[in-house]
Ligand code: FES
C-alpha cells in the first residue's frame, strides 16, 4: 500500500512539473539574464553561435553559458536533420 502511494506521489509530481513547465523560466545566461526560450527563439529564427553572442550577448561575459548555447544549437541542427529524413506522406 505504501509503495502504491509513493508511486502515485511520484506520478502526480511529474504531471504537475510537466503541466507548469511552460511557466518556469530557465536562465541560460545569468550574466545577461537570457532565458532558454530567448535562445531557442533566436535559434529557430536562424541564429548561429556568433549571432547568439552578438544579438543576445550570451557567452560574452563569464562564458559559462557558451557550452549550453552550443548544445542547444547542435540539438536544433540534429532535429532539422532528422526532420528532413522523414519521408513525406502524400
Ligand atoms: S552566464 Fe552567460 S556570460 Fe556569464
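FYI, it's all coordinate maths here, none of it is from the lab. Note that the structure is predicted; figures quoted are calculated from it, not measured. Note: ideal-geometry Cβ built from the backbone for every residue, glycine included; neighbour counts use all protein chains shown.
Applying 0.36 nm per residue to the separation of residue 1 and residue 86 and subtracting their alpha-carbon distance, the gain on full extension is 26.0 nm.
In a fully extended conformation the segment linking residue 64 and residue 13 would gain 15.3 nm over its present Cα-Cα distance, using 0.36 nm per residue.
Each of 53, 37 was scored by other Cβ atoms within 10 Å of its Cβ. Arranged with the fewest first, they read 37, 53.
222 nm [θ] for the chain, helices only, -39500 (n - 2.57) per DSSP H run of 4+, per residue, to 500? Spell out each step's value before the answer.
Working: 3 runs with 48 residues, N = 90.
Taken over the chain, the calculation gives -17500 deg cm²/dmol.
Shape class for the chain, computed from the alpha carbon gyration tensor (a ≥ b ≥ c): oblate, with a/c not under 1.5 and a/b at or below b/c. Of the residues 13, 68, 35, the one that moves most in a GNM of the chain with alpha-carbon contacts below 10 Å is 13.
Evaluate the relative contact order of the chain (contact order divided by residue number), counting alpha-carbon pairs under 8 angstrom at least 6 apart; express in whole percent.
Details: 49 pairs, mean separation 18.4, N = 90.
Worked out over the chain, it gives 20 percent.
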